[in-house]
Amino acid sequence: MSAPNPRPPLTIRMHAADNVAIVANDGGLPAGTVLPSGLTLVDRVPQGHKVALVPIAKDAAVLRYNVPIGYALQDIPAGAWVHERMLHMPAARSLADLPRSTAGAWNAEPLEGYTFEGYRNADGSVGTRNILAITTTVQCVAGVVDFAVQRIKEQLLPRYPNVDDVIGLEHSYGCGVAIDAPDAIIPIRTLRNISKNPNFGGEVMVVSLGCEKLQPDRLFPAGGIAIKPVAAGAVDTGSTGQFDAKKEPALDVVCLQAEKHVGFMSMIDSVLESAVPHLERLNARQRVTVPASELVVGVQCGGSDAFSGVTANPAVGFCTDLLVRAGATVMFSETTEVRDAVDQMTARATTPEIADAMAREMAWYDAYLGRGQADRSANTTPGNKAGGLSNIVEKAMGSIIKSGTAPISGVLSPGEKLQHKGLHYAATPASDFICGTLQLAAGMNLHVFTTGRGTPYGLAECPVIKVATRTDLARRWHDLMDVNAGRIADGEASIEDLGWELFRLMLDVASGRKKTWAEQWKLHNALVLFNPAPIT
Ligand code: CA
């Protein structure tokens, strides 16, 4: 027998028109439980799962967020557990005849007077951390770069106390790929733009193998990179002759196949020697007070459950509105998780052209999935379903809430860099690592990640604030979760309270006054480039 439930039965309905609600109590509720409304549960309903509030006839819509998340495959009595096997999923919304920029004016007051301490860059962007990032052109060099990074940390970094970290931008791209295929532009521009993330201070240094397809001057074509010319002799000309050291602007490249390298230590010494001027310039950077409008926040979710769309994501959405009111930049992404909310998105577009760009990105992604004989329904995981999310429609309605209510003023294709401030739809896969990687390429300087099932996700390139959807997760993962949005379901805090708390925490984390748990433990996931083009 389980211990008696310490709290009265609690269910949460998202909209007055909904015919289901989710059970909030830890451990769920047993059959026979009488809800405050007088309804008696006819099944045991696990936490986060749906209970029918009224009888639902076969083929009738099951409504959550006032949206049909599915159609009943059988008659469902009131008080029954409504799970995924009882629902038929609706077809994806057609991309024709979408509302275009119809939502009207957003009458939110500007939010002024909020600041943080950041590193102002020559291009106007602002970093929240001060990191030397070593770009790699190909996976072949990753082991050497790892070794060199360790040496730099041991031997050089103590001399540059103002530099937070040294990292290798490692990935699986660069060779063995159809580099002239049209979609190869995505991984290439992603890597190029990540190298120029605001947290790296405009300092670009590259380690190349020599014979790879992604040559340094292809990654950074002339004029594509604004760095100071390096000292004569610092450019390492490859013996293969593929890298033209005479090209301007000079790019700081260590090429492992260069003839001058005799032995492994010669390569390592060369990387350390190249790192020194970059470390010196980074070390001279100082934090300055900048307006909150310099935040570039990427939001995403991972390991979602039915609480994601009830607690954490609405709190993030409220915070998104605060950020946009403060003039900051927010990106929401995860195309398969917003596909079912496309009409809400296109209605909120600031112009019909922005709405068309959204539809174009979705159509591209539909076709991409279609090539693999899949569709958006491939998104949901066993953990999502165990957590109460029946299908991608229900997941999407909980996911899009992260975008708040502001007008959407920009759309980015995968790997593109932001051009202006405001709320953006940055089209990316929902994969946590690929989404984070693409948001870094766009110029993200702070990441917010909500999770219900729990993931220790982190990035080496920028701070990640993790928000738990449930108190039970926040309690068990007390030294991994930065914010407990489960307090909303517990009745201890409102969505507004949590949104403000998150906003203030962002300013503290961006300023370096606070570290996230992932930073404290140095937890970080790999960069994963999105490569929809063929591998050879
Ligand atoms: Ca995700």
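The values are calculated or read from the model by the stated rules, or taken from the named source; none is laboratory data. What you see is a predicted model, and the numbers here were worked out from it, not measured in a lab. With ideal geometry, Cβ positions are generated from the backbone for all residues, glycine too; neighbour counts draw on all protein chains shown. When the accessible area is computed, the model is the full protein with side chains, heavy atoms only, and any ligands, DNA or RNA have been set aside. Shrake-Rupley method; radii C 1.70, N 1.55, O 1.52, S 1.80 Å.
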Scan region 302-309 and tell me whether some residue there is in the same structural domain as Ala485 (by TED's automatic domain parsing), among the aromatic types (Phe, Trp, Tyr) and at pLDDT below 95. yes
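Each row is one residue, and each column tells you yes or no for (1) of a type in the set (Asp, Glu); (2) in contact (Cβ under 8 Å) with a residue 24 or more places away in the chain; (3) surrounded by 24 or more Cβ atoms within 10 Å (Cβ to Cβ); (4) assigned to a strand (DSSP E or B).
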residue	(1), (2), (3), (4)
Asp269	yes, no, no, no
Val299	no, yes, yes, yes
Ser304	no, yes, yes, no
Ser308	no, yes, yes, no
Gly317	no, yes, no, no
Gly327	no, yes, no, no
Met331	no, yes, yes, yes
Answer from Val62, Val54, Val42 - the residue that is open to solvent by 60 Å² or more (accessible area, probe 1.4 Å), touching a Gly at 6+ places or on another chain (Cβ under 6 Å) and either at pLDDT 95 or above or over 21 Å from Ser377 (Cβ atoms) (or both): Val42
All but one of (1) under 26 Å from the mean Cα position of the chain (by Cα); (2) within 30 Å of Ala341 (Cβ to Cβ); (3) open to solvent by less than 30 Å² (accessible area, probe 1.4 Å) hold for Gly79; which doesn't? (1)
Hey, among the residues in region 401-425 that are in contact with an Asp or Glu (Cβ under 8 Å, 6 or more places away or on another chain) and open to solvent by less than 10 Å² (accessible area, probe 1.4 Å), which one's nearest to Met362 (Cα to Cα)? Tyr425
Residues of region 6-21 being under 12 Å from Val62 (Cβ atoms) and either touching a helix residue (DSSP H, G or I) at 6+ places or on another chain (Cβ under 9 Å) or open to solvent by less than 10 Å² (accessible area, probe 1.4 Å) (or both), which ones? Asp18, Val20, Ala21
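Scan region 154-176 and give yes if some residue there is of a type in the set (A, V, I, L, M), open to solvent by 20 Å² or more (accessible area, probe 1.4 Å) and part of a helix (DSSP H, G or I), otherwise no.
We begin by selecting, within region 154-176, every residue of a type in the set (A, V, I, L, M); these are 156-157, 163, 166-167, 169.
Filter again for open to solvent by 20 Å² or more (accessible area, probe 1.4 Å), leaving 157.
Now restrict to residues that are part of a helix (DSSP H, G or I): 157.
Yes, some residue in region 154-176 is of a type in the set (A, V, I, L, M), open to solvent by 20 Å² or more (accessible area, probe 1.4 Å) and part of a helix (DSSP H, G or I).
In this structure, does Ala374 turn out to be surrounded by fewer than 24 Cβ atoms within 10 Å (Cβ to Cβ), on the phi < 0 side of the Ramachandran plot, of a type in the set (A, V, I, L, M) and within 16 Å of the ligand (Cβ to nearest atom)? First the steps, then the outcome.
Working: surrounded by fewer than 24 Cβ atoms within 10 Å (Cβ to Cβ): yes; on the phi < 0 side of the Ramachandran plot: yes; of a type in the set (A, V, I, L, M): yes; within 16 Å of the ligand (Cβ to nearest atom): no.
Taking the combined requirement at face value, the residue does not satisfy it.
Condition check: within 16 Å of the ligand (Cβ to nearest atom) and under 27 Å from the mean Cα position of the chain (by Cα). Does Val299 satisfy that? Steps first, please.
Working: within 16 Å of the ligand (Cβ to nearest atom): yes; under 27 Å from the mean Cα position of the chain (by Cα): yes.
It is true that Val299 is within 16 Å of the ligand (Cβ to nearest atom) and under 27 Å from the mean Cα position of the chain (by Cα).
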Take the residues of region 494-535 that are surrounded by fewer than 18 Cβ atoms within 10 Å (Cβ to Cβ) and of a type in the set (A, V, I, L, M, F, W, C): which is nearest to Leu369 (Cα to Cα)? Ile535
Out of all the residues in region 302-319, which are more than 15 Å from the ligand (Cβ to nearest atom) and in contact with a Ser or Thr (Cβ under 6 Å, 6 or more places away or on another chain)? Phe307, Thr311
Which numbered condition trips up Met397, out of (1) within 16 Å of the ligand (Cβ to nearest atom); (2) open to solvent by 30 Å² or more (accessible area, probe 1.4 Å); (3) at pLDDT below 95? (2)
Quick one: which of Thr437, Thr428, Thr450 is in a loop (DSSP other than H, G, I, E, B), open to solvent by less than 10 Å² (accessible area, probe 1.4 Å), closer than 14 Å to Glu334 by Cα and within 14 Å of the ligand (Cβ to nearest atom)? Thr428
Would a scan of region 332-342 turn up a residue that is under 18 Å from Leu95 (Cβ atoms) and away from the ligand (no atom under 16 Å from the Cβ)? yes
The one condition in (1) open to solvent by 30 Å² or more (accessible area, probe 1.4 Å); (2) away from the ligand (no atom under 16 Å from the Cβ); (3) not hydrophobic (A, V, I, L, M, F, W, C) that Ser274 fails to fulfil: (1)
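Report yes if some residue within region 279-293 is open to solvent by 10 Å² or more (accessible area, probe 1.4 Å) and among the aliphatic types (A, V, I, L, M); otherwise report no. Please lay out each step first, then the result.
Residues of region 279-293 that are open to solvent by 10 Å² or more (accessible area, probe 1.4 Å), as a first pass: 280-281, 283-289, 291, 293.
With the extra rule that they be among the aliphatic types (A, V, I, L, M), the set shrinks to 284, 288.
Scanning region 279-293 turns up at least one residue that is open to solvent by 10 Å² or more (accessible area, probe 1.4 Å) and among the aliphatic types (A, V, I, L, M).
Condition check: in a loop (DSSP other than H, G, I, E, B) and surrounded by fewer than 19 Cβ atoms within 10 Å (Cβ to Cβ). Does Ala142 satisfy that?
Working: in a loop (DSSP other than H, G, I, E, B): no; surrounded by fewer than 19 Cβ atoms within 10 Å (Cβ to Cβ): yes.
Spelling it out, it is not the case that Ala142 is in a loop (DSSP other than H, G, I, E, B) and surrounded by fewer than 19 Cβ atoms within 10 Å (Cβ to Cβ).
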Say whether the condition of being away from the ligand (no atom under 16 Å from the Cβ), of a type outside the set (Val, Ile, Thr), assigned to a helix (DSSP H, G or I) and surrounded by fewer than 17 Cβ atoms within 10 Å (Cβ to Cβ) is met by at least one residue in region 378-390. yes
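Can you say whether Glu117 is acidic (Asp, Glu), closer than 22 Å to Met444 by Cα and in a loop (DSSP other than H, G, I, E, B), as far as the supplied structure shows? I'd like the intermediate steps shown before the answer.
On the way: acidic (Asp, Glu): yes; closer than 22 Å to Met444 by Cα: yes; in a loop (DSSP other than H, G, I, E, B): no.
In short, no.
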